[in-house]
1. If packing is taken as the mean number of other Cβ atoms within 10 Å per residue, what is the order of 563-571, 307-315, highest first?
2. Please report the antiparallel percentage of DSSP beta bridges with both residues in the chain, rounded to the nearest 5.
3. Tell me the Rg and the Dmax, in Å, that the Cα atoms of segment 547-638 produce.
4. Using only Cα atoms, what Kirkwood radius does segment 383-533 have, in angstroms?
5. Need the full-extension length gain, residue 220 to residue 377, defined as separation in residues times 0.36 nm minus the C-alpha distance. One decimal, nm.
6. Roll a 1.4 Å probe over the protein chains and send me the accessible area per residue for segment 514-594 in Å².
7. Would you mind pulling out the separation of the Cα centroids of segment 599-660 and segment 159-210, in Å?
8. Tell me the accessible surface of residue 254 in square angstrom (1.4 angstrom probe, heavy atoms of protein chains only), to the nearest ten.
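The values are calculated or read from the model by the stated rules, or taken from the named source; none is laboratory data. Quantities reported herein were computed from a predicted structural model and do not represent experimental measurements. Virtual Cβ from ideal backbone geometry, glycine too; neighbours counted across all protein chains shown. In case anyone asks, the SASA skips ligands and DNA or RNA and just uses the protein heavy atoms, side chains included. Shrake-Rupley method; radii C 1.70, N 1.55, O 1.52, S 1.80 Å.
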Amino acid sequence: MAGQIETVMQESRVFAPPEAFMRQATISGMAQYQALCDEAGRDHDGFWSRLAREQVLWHKPFTRGLDDSQAPFYKWFEDGELNVSHNCLDRHLGTPVENKVAIRFEADDGALTEVTYRDLYHQVCRFANGLKALGCRQGDRVIIYMPMSVEGIVAMQACARLGLIHSVVFGGFSAKSLQERIQDAGAAWVICADEQVRGGRHIPLKPAVDEAFTLGGCESVQRVVVYQRTGAAMDMHAGRDITWSQVIDGQPDHCEPQWVGAEHPLFILYTSGSTGKPKGVQHSSAGYILHAMLTMKWTFDIKPEDIFWCTADIGWVTGHTYIAYGPLACGATQIVFEGVPTYPDAGRFWRMIARHKATIFYTAPTAIRALIKACDTVESTHPRHFDLSSLRLLGSVGEPINPEAWMWYYNQVGGARCPIVDTFWQTETGGHMITPLPGATPLVPGSCTLPLPGIAAAIVDEAANDLPNGQGGILVVKKPWPSMIRTIWGDPERFRKSYFPDELKGYYLAGDGAVRNRVTGYFTITGRIDDVLNVSGHRMGTMEIESALVANPLVAEAAVVGRPDDLTGEAIAAFVVLKQARPVGDDARRIANDLRNWVAHEIGPIAKPKDIRFGDNLPKTRSGKIMRRLLRAIARGEAITQDVSTLENPAILDQLKQTL
Ligand code: PRX
């Protein structure tokens, strides 16, 4: 990682925005960017209030922008009223957008479904009316456990329409993870599918819901709605389970939106922190949709004729802001994809770009790295064999993009003509924070460049002092912004401690390290400064994985660290002490495999440790503290240069160095 960052800091390649792009861009040229930054600098509140009045459709206009009287529990536009689904759908009725395709859904097997804005409005209304008939009321929490589908988006929009608070759980999470989220959110309703279809395989979802109920703690749930994606046979619990078609049957296709206050929670999305269980990041309605719309326009330069494709899953924040909400609020046509990039072969993304004539493509570095590798093996999947001439803009999200992958993306996918927006943001930030603007910012591979106007990002030391360019430190945001996290669901104290620790003097702590280029001031993210790992762009806490491991009856103790990985960015390395004697040879390999499957069952397959090593003990100080920095060095295969004199049991290091 350190080497990587050095490379980026010394990166001398600069790619100015192409003339043609710049001419038509929403933000054209650095002077326009600077003018917006200056406006925000002069009057932060006035800047955001102006944009909120221009972009958002208000049922009742707000009279006040920022309320910081209960900082860090900030409020924006609080006395305004709106409905987010109204902002995404109704606003297009009676305009030319009404008959425009909102969603082009491509199923795993390539089957295509097109939904216009009018169709989508009717589908959302019908489902919302069905939910109302079941008894859903404003403020109820709704767990959505669905595959990539039109119905998944309809479910989210229907919740927004009724003022229900959705919490989407990624379909790859286990029954146990699902149960924890149902319980933490106190969900009254669950919307799921029978199965999801990915890469030609059918993966059951409804059975995981049933299993979650058997784990207990789901008493708050009144009904489970099941969308029949495949029609697989399933157990239906009388009085609890009801199919999607039963819910919408006979329902009218018009449903008045429930007007809510600007601060009404639109959704909760669980994400990993450095300690404890995943936290329910709570977002607002108005501030959130404002930033979703603005960044569609600023970062993605969205235009009426664009075909937008964000490859994320609706289970992650990217799929919320840049699939379920942002593109719809802007009246864009978007592609929604059910499957995986490598099925039926690794040319799938490129074939789909050509098929749908996608103009904006937004994906994760992990996918790019995997596809680079795949076309090295199977040449016919190389982007050069597909007509990608429709593309005009590329985007990257979720993890650092290494300069080699950036250059390949730029040249091979973008034909050296499309800017790349490397967007840095988080579940907590609601939308982009630091990113190039494609018609303004000169690009440097591996750098997310500069903060958006109105985003007061800075790099400070541990006492919140500003650091000069060239010096790495802690990434903070000095002023509140409208789409920021409002609280952690049910745990305001954890919110305050995690994001606004006392020593940072009221700045928002992102949890990442960063450094700015000496000359350009461009930001490069250097990775998490806490115990959060980023594996293939998926965020995971080391503690969560450790807890899952020690829950196994064989395991006495476990420590988990991250190590760099060429493909997944970071990989999970686990050091395990068993209750029985340390296993060796085939025994060790078998138990390691069992433990991997155990973690997949406890959390989800994305949390499977790549390396597992067994020891008689873990390296500990005399006071019993596990020395993780030593484990990190071992996991990376580095020589241990640190002082080990405080170690209780130095001999253990040699044992742990042995791989299986
Ligand atoms: O470490 C940063 C990394 O992903 C974290 C946020 O993860 P999550 O909340 O799951 O949201 C991912 C999608 C927005 C950040 O703290 N990260 C995200 N984008 C970038 C990034 N690291 C480097 N460059 C990025 N563009």
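1. Averaged packing, sorted descending, gives the order 307-315, 563-571.
2. Around 60 percent antiparallel, to the nearest 5.
3. 12.9, 37
4. 16.6
5. 51.5 nm
6. On the way: 3320 Å² over 81 residues.
Per residue, segment 514-594 has 41 Å² of solvent-accessible surface.
7. Their Cα centres are 35 Å away from one another.
8. 100
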